[in-house]
Amino acid sequence: MERLSGNDRIEGPLRGGIVALGNFDGFHEGHQAVVGRAVELARSRGVPAVVATFDPHPVRFFKPETPPFSLTTLDQRQRLFAEAGADAMLVYHFDTQLAAVSAQDFVADYLLGRAGATGVVTGRDFTFGAKRVGNVSVLAELSAEHDISCETVGPVSDGDETISSSRIRAALQAGDPATAARLLTRPFAIQGMVQHGDKLGRTIGYPTANIDMGGYIRPRYGIYAVRGRLPDGRVLDGAANLGVRPTFDPPKELLEPYFFDFSESLYGHVIEVELHAFLRPEAKFDSLDALTTQMAKDCDTARAILSAQAQ
């Protein structure tokens, strides 16, 4: 799947498509409904399906002091959009220039002029334009002026509550990855490059693949049953510490998965680690023996949980 810049004029076979427009952080079931409708409409018209997203998230631009809250990286979104049937991802870099673009100019210049959109699909709560003056009603009116079809997809709920990124974030912060996975339709996954650390885990028989949390939301600190996905497609079961390692000094925030029955070096490789179950909160141990005893118990519990899931 091709990644396009919202600042450039799209030419060639990707011009003239249906654009699914939103932030789509997390790409949960509600987001999937929007993109699914755009893909369906594009296929019926014989035009490309393009998913547009914003980076950084507008909240990060307007409130840079906001704690990390992302559910996906751009790379993860690109893969998820492709799996949903989209032909390209269009990234609007959210900066001072884009923040000042009026709703009228966004439709006329960015959607029609640069993307060549013939149709647009959004969620019902989508807003756009300087000072967020544009909503789905404004988008429909402006699109009609430029012969762009416009559709709005209503919210998706599980029972009486709407599926949203805020619900997913709350579940992760509560140490409930199962609820997050249900709303996402897949486990929440952290992707990053394995970096060199203090190599303390290796000295006690539990070598870990250290990953910086970057811009991801911080789930509840603790021990998790995890699955790691390697660049070559292999899937590894394991247990991971997510937090600041209170037994060791100085504290250092990391995701540290230990993969069962695996001894290869992963340094410099980008891997993805799925959180499947919360086992316990972080704890400080009086000795390394006490820590390794508990880690053995954690690994046994994680093995049992992941084995049951696989059946």
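The values are calculated or read from the model by the stated rules, or taken from the named source; none is laboratory data. A quick note: this is a predicted structure, and the numbers were derived from the prediction, not measured. As a convention, Cβ positions derive from the backbone with ideal geometry for all residues, glycine included, and neighbour counts pool all protein chains shown. Only protein heavy atoms, including side chains, enter the accessible area calculation; ligands, DNA and RNA are left aside. Shrake-Rupley method; radii C 1.70, N 1.55, O 1.52, S 1.80 Å.
Values for this structure:
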| item | result |
| --- | --- |
| Filtered trypsin sites (Lys or Arg not before Pro), region 1-50: DSSP coil and at most 16 other beta carbons within 10 Å | 9, 15 |
| Efficiency of FRET between residue 303 and residue 253 - r from beta-carbon atoms, R0 30 angstrom, step 0.05 | 0.70 |
| Those residues of region 1-44 whose amide nitrogen sits under 11 Å from the label point placed on residue 96, 7 Å along Cα→Cβ | none |
| Gain on full stretching of the segment that runs from residue 127 to residue 147 - 0.36 nm per residue minus C-alpha separation | 5.2 nm |
| Alpha-carbon centroids, region 61-98 and region 145-177: separation in whole Å | 16 Å |
| Sorted peptide list for 213-224, 111-122, criterion being average Cβ within 10 angstrom, highest first | 111-122, 213-224 |
| Cβ-placed point charges (K, R +1; D, E -1), dipole of region 88-223 about Cα centre in debye, nearest 20 | 780 debye |
| More than 29 Å apart - percent of Cα-Cα pairs taken over region 17-168 | 11 percent |
| Calculated [θ] (222 nm, deg cm²/dmol) that DSSP helices of n ≥ 4 give over the chain, each run adding -39,500 (n - 2.57) | -8500 deg cm²/dmol |
| Label selected from (1) 68, 54, 38; (2) 71, 41, 41; (3) 60, 41, 35, the criterion being Cα extents along the principal axes in Å as computed here | (2) |
| Accessible-area composition of region 156-303, carbon plus sulfur, in percent [1.4 Å probe] | 50 percent |
| Radius 15 Å from Cβ of residue 157, net charge of other residues (Lys, Arg +1; Asp, Glu -1) | -2 |
| Positive-pole candidate from 19, 244, 34, dipole of the chain, charges at beta carbon | 244 |
| Euclidean distance of C-alpha centroids, region 249-311 and region 1-34, integer Å | 36 Å |
| Dipole in debye (nearest 20) - the chain, about Cα centre, beta carbon charges: Lys, Arg +1; Asp, Glu -1 | 160 debye |
| Measure of compaction for region 163-308 (Cα Rg per 2.2 N^0.38 Å) | 0.99 |
